[in-house]
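The values are calculated or read from the model by the stated rules, or taken from the named source; none is laboratory data. Remember, predicted model here, so these are calculated numbers, not experimental data. Cβ placement follows ideal geometry from the backbone for every residue including glycine, while neighbour counts extend to all protein chains displayed. All accessible areas refer to the heavy atoms of the entire protein, side chains included, with ligands and DNA or RNA removed. Shrake-Rupley method; radii C 1.70, N 1.55, O 1.52, S 1.80 Å.
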Amino acid sequence: MRQKIVAGNWKMNLDLNEGITLFNEVAAFIAQDITGSQQAIVCSPYIHLSALTALAKGNTKLSVGAQNAHQAESGAYTGEISAKMLTSVGVTYVILGHSERRQYFGETNELLAKKTDTVLKHGLKPIFCIGETLQERESGVYFDIIKQQLVEAVFHLEASEFSKLVIAYEPVWAIGTGVTASAEQAQEIHAFIRKEIAAKYGQAVADGISILYGGSCNPKNAPELFAKPDIDGGLIGGASLKARDFVDILKVFN
Ligand code: PGA
């Protein structure tokens, strides 16, 4: 069985105290409500990470992730954070390739291939984001775009490394817009992603990879999305800032 995962992406929200409060609320709701083997991940801003990993210690249902990492090992990159630094504070996951990083910070598939190599080398598990823009969806090229993102950013990996990835399909037009992809639209792309992975790495690898849906996912639409055979969970932005909503999404897998 593939791991069912709900990851929260807090983006650039919450100061340290607010972050600790929210994390404690999430942990308490999980302890109270979650009966299955599904996994929750909270991806916070960098400065929260050491505090949150300390709080998550020993918690088998809740892990901590970062939202980015630099591709270099270390060096003169003022303001940046390395994969080794993330590992050193107990982080286990890192979001890579989020569309906001691609759009506002010019991250390309080529750069993301380097970041993926670096974070894997340091034992972190990438939550690797792919997805098309509205224009790409409307012009019908979205399958090509998604395939290109896979081929250029992660298909250079050996199967044993690729197997450590979590993939997140996030149609850019659904992120933070309140417009969700329908469960059918999402399933169509998830099945396509899994088929491409199977063609590259074989069916066993493809069957073991968790593919999350992201984009205006909330407690109302999560049950229908998560019922689809190739949707293994969600990457949650806005709704992850409310402990009750986030854990209600996780609860769908009970
Ligand atoms: P959203 O964000 O849930 O607020 O649409 C999802 C994401 O950006 O990961």
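Treat each spin label as a single point 7 Å out from the Cα along the C-beta direction, and report the residue 80 to residue 60 distance in nm.
Using points 7 Å along Cα→Cβ, the separation is 3.9 nm.
Take peptides 1-11, 240-250 and line them up by average Cβ neighbours within 10 Å, highest first, as a rough protection proxy. Please report the intermediate quantities before stating the final value.
Values: 1-11: 20.2, 240-250: 21.7.
Highest to lowest by the protection proxy: 240-250, 1-11.
Going by a ≥ b ≥ c, the root eigenvalues of the Cα gyration tensor, does the stretch 3-92 fall in the rounded group (a/c under 1.5), the prolate group (a/b larger than b/c) or the oblate group?
In terms of gyration-tensor shape, prolate.
Quick one: what do you get for the chain if you divide its Cα Rg by 2.2 N^0.38 Å? List each step's numbers first, then the result.
Numbers: Rg = 16.9 Å, N = 254, 2.2 N^0.38 = 18.0 Å.
In units of the 2.2 N^0.38 Å rule of thumb, it is 0.94.
How large is the accessible surface per residue of the chain, computed with a 1.4 Å probe and reported in Å² as a whole number?
Values: 11090 Å² over 254 residues.
Accessible surface, normalised per residue, equals 44 Å².
Please list 80-87, 172-179 highest first by mean number of surrounding beta-carbon atoms within 10 Å per residue. Walk me through the numbers on the way to the answer.
On the way: 80-87: 19.4, 172-179: 16.1.
Packing proxy ranking, top to bottom: 80-87, 172-179.
Based on the mean of other Cβ atoms within 10 Å per residue, sort peptides 159-168, 118-127 so the most packed one is first.
Values: 159-168: 18.5, 118-127: 20.9.
Ranked from most to least packed, the peptides come out as 118-127, 159-168.
With charges only on Cβ, +1 for K and R and -1 for D and E, what is the dipole size of the chain about its Cα centre, in debye, rounded to 20? Intermediate values should be presented prior to the final figure.
Working: 23 positive and 27 negative charges, 120 e Å.
In debye, rounded to 20, the chain gives about 580.
Quick one: grab the alpha carbon gyration tensor of the stretch 131-254, order the square roots of its eigenvalues as a ≥ b ≥ c, and give me rounded if a/c is under 1.5, else prolate or oblate depending on whether a/b is larger than b/c. Write out the running numbers ahead of the final one.
On the way: a/c = 1.98, a/b = 1.34, b/c = 1.48.
Oblate shape, in that a/c is at least 1.5 and b/c is the bigger or equal ratio.
Would you work out what percent of the accessible area of the stretch 104-254, with all protein chains in place, is carbon or sulfur (probe 1.4 Å)? Could the numbers behind the result be given before it?
Numbers: 3280 of 6200 Å².
Reported share for carbon and sulfur atoms: 53 percent.
Inverting the mean 1/r over all pairs of different Cα atoms, compute the Kirkwood radius of the stretch 97-159 and quote it in Å. Don't skip to the answer; put the middle values down first.
Numbers: mean 1/r = 0.0811 Å⁻¹.
Its Kirkwood hydrodynamic radius stands at 12.3 Å.
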